[in-house]
Amino acid sequence: MIFEDERFKQYGARCVFFDRDGGVSQEPFDCLNVSISVGDTFENVKKNMDIVKKQLNVNTVATLNQIHSDNIIEYNGTIADADGFFTTQKGVFLGIKFADCCPVIFMDIKKKIIASIHSGWRGAFLKISKKMLHIFYNLGSKNEDIIVTLGPHICGNCYEIKDDVASKFDSRFVIKKGNKQFLSLRDSIIDSLIESGLKIKNINDMQICTYENKNFFSYRRNNLSGRNIGGIFLLDN
């Protein structure tokens, strides 16, 4: 199934997130796993990526070698060691693989610049979302023209962390329940965008928790798990 932020269609783009259904992979990667690194076969992953490409009717499904960094590149047709990329090319789906980390999608609705980033706790700590926003500003974007979507990710009620991670974040983003601590990726990411000038009305959270919703792969829930895919592309017409 595809989950979509409908706002983007009126601006000539689609922002979509796939759950785990509709692919060919077998347990524990059933069914639409898009990552070879988790232990699935190359053949299954290729077939799954072809399914994504066909469903979206795009020329290219682009991905990154995600390394939990704040590296951002302009899409150039290669698979780079990075966690964010942007483009103005039509028909290129900027895909992010995720299984609890947050895919964050950007679009300048006037200049037709699109971007996708992958943000787990490391990306949130490094403020990769803020870094992408400033790349848009450097390209001439105005804050009122940028819309952002937070895709499915593990929510603050489920993302348990230890002291080593909690100590890196403002206490506003750490939820304490008894002797346990939980991190709100959502609040941390949104705060970094707002402090850089984006209005809250321009930000949408899909409000889907990958840990709670078993239609999505979740590393925290299953450990040995596939990866979902989500992202954005510019329509040809």
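Observations
- When the Gaussian network model of the chain links Cα atoms closer than 10 Å, the mean-square fluctuations of Q181, Q55, Q89 top out at Q55.
- Diffusion of the stretch 59-175 by Stokes-Einstein, at 10 °C in a medium of 1.306 mPa s and with Rh set to the Kirkwood radius over alpha-carbon pairs, works out to 107 µm²/s.
- For the stretch 21-114, taking Cα atoms only, Rg and Dmax work out to 13.9, 44 Å respectively.
- Per-selection Kirkwood Rh - the chain (Cα, Å, 1 d.p.): 17.7
- Those Cys residues of the chain for which no other cysteine Cβ falls under 4.7 Å: C15, C31, C101, C102, C158
- A Gaussian network model of the chain, with springs between Cα atoms under 10 Å, assigns the largest mean-square fluctuation among M132, M49, M107 to M49.
- Of the peptides 148-157, 73-82, the order by per-residue mean of other Cβ atoms within 10 Å, starting with the highest, comes out as 148-157, 73-82.
- Sequence-distant lysines (8 or more away, or on other chains) whose Cα lies within less than 16 Å of K201: K142
- Estimated at 0.36 nm per residue, the fully extended path between N65 and I36 surpasses their Cα-Cα distance by 9.3 nm.
- Extension reserve of the I79-R7 stretch, reckoned as 0.36 nm per residue once the Cα distance is removed: 23.1 nm
- For the Cα trace of the stretch 109-148, dividing Rg by the Kirkwood Rh returns an Rg/Rh value of 1.00.
- Debye intensity ratio in log₁₀ form over the Cα atoms of the stretch 108-185, taken at each q of 0.14, 0.18, 0.23, 0.26 Å⁻¹: -0.56, -0.78, -1.02, -1.18
- Of K9/K176; K53/K168; K130/K162, pairs whose Cα-Cα distance is over 29 Å: K9/K176; K53/K168
- Local electrostatic count, A99, Cβ distance below 12 Å [Lys/Arg +1, Asp/Glu -1]: +3
- Proxy reagent accessibility, fewest Cβ within 10 Å first, across V34, V61: V61, V34
- Fluctuation leader among L126, L185, L224 - the chain, Gaussian network, Cα springs under 10 angstrom: L224
Readers should treat all values here as calculations from the given coordinates under stated rules, not as data from a laboratory. Everything quoted here is computed from the prediction, not taken from an experiment. Positions of Cβ are generated from backbone atoms using ideal geometry, with glycine treated the same way; all protein chains shown enter the neighbour counts.
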